[in-house]
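Written out below as structure tokens is the structure these notes cover.
Every read-out reported here was derived from the displayed coordinates using simple, explicitly stated rules and does not represent laboratory data. No experiment lies behind these values; they were computed from the predicted model shown. Heads up, the Cβs are rebuilt from the backbone with ideal geometry, glycines too, and the neighbour counts pull from every protein chain shown.
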Amino acid sequence: MNEDSRRHPFRDSHQDREQSHHTPDTPQSLSPSYRLAFDDHDFMCREELRPVRLQLELLKPEMMLDEQGIDSTVVMFGGARIPEPAKKHTARTKTLADLSEFYDEAREFARILTLKSMETGGRDNVVVTGGGPGVMEAGNRGAADAGGRSIGLNIVLPFEQAPNEYVTPELCFNFHYFGIRKMHFLMRASAIVVFPGGFGTLDETFEALTLIQTGRMEPVPFLLFGKAFWQKIINWEALAEAGTISEQDLKLFQFVDTAAEAIEVMEGWEKTAKRKSVPGR
């Protein structure tokens, strides 16, 4: 914030933080207690400050997405281990190598979606991924192919991970809290598309489905890429037959196999209100 845009006559925090770094060294000024609270990393990382850190992780991306004019997003979940077809020989298993076709489908889906978004100003249906490799990279890459923007919501992991090179830099975020990251995935979501993946993908899929199932979130196009994959790893009908979900819950999502099919489903979507009750209860 520059001097001309401030709405109050006081010195701003940047000025005082900079000034405090030039304070003469004395026993008093070198004491941790003397540091400005918002400029004290040790203080900000204290256990008691967790509520503040949660709030900051919610606020920072929200404010920056608003500033960048992002009104709605299309969420792309999927496996980090799925390689692009040109590198399928590096896959750990034959199944992963075979799933590389979905890298191209994710890339093409994001490309088409971004082109359509740009036709109306590029504020709606902006691609958002987890910012990592595999399907996430394909999503951000497809948006870059179209010359558009895309979002990456990364998470700090115990092993080294950098954002993929296709995320728009000013829309690339990093999180400590998984819960806040999940909120940002869904807060602007106009559609959710899920490609084959592992534990993380399944976690994100079922959490989003549960929010829609229980009426906590409005229904949106919810597309599972790769019908054969999803029907092999999850017996959806068995859940309905057992009564642990209802038959109506099977209509909360659709299977698709190609980018063109997914776009067609999204364009034919008829918006419905949040559920007021859970079928089968």
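What to note about this one:
- Pair F159, F206: separation of 7 Å Cα→Cβ label points (nm): 2.3 nm
- Theoretical gain in end-to-end length, H8 to W269 [0.36 nm per residue, Cα-Cα removed]: 89.2 nm
- Here the label points at F255 and T26, each 7 Å from Cα along the C-beta direction, are separated by 7.5 nm in the simple model.
- Extension reserve of the C172-F43 stretch, reckoned as 0.36 nm per residue once the Cα distance is removed: 43.8 nm
- Note on Cα Rg over 2.2 N^0.38 Å: of the candidates (1) 1.19; (2) 1.09; (3) 1.14, the value calculated from this structure sits at (1).
- Reach of K271 by Cα under 17 Å, taken over lysines that are not fewer than 8 positions away in the same chain: K251
- Ignoring the sites themselves, the chain has its longest run without GluC sites (Glu not before Pro) in a DSSP loop having at most 11 other Cβ atoms within 10 Å at 1-159.
- Note on K94: lysines with a C-alpha under 20 Å away, same-chain residues under 8 apart excluded, are K227, K232.
- From helices alone, the chain scores -12000 deg cm²/dmol at 222 nm; the rule is -39500 (n - 2.57) for each run of n ≥ 4 DSSP H residues, then divide by the residue total.
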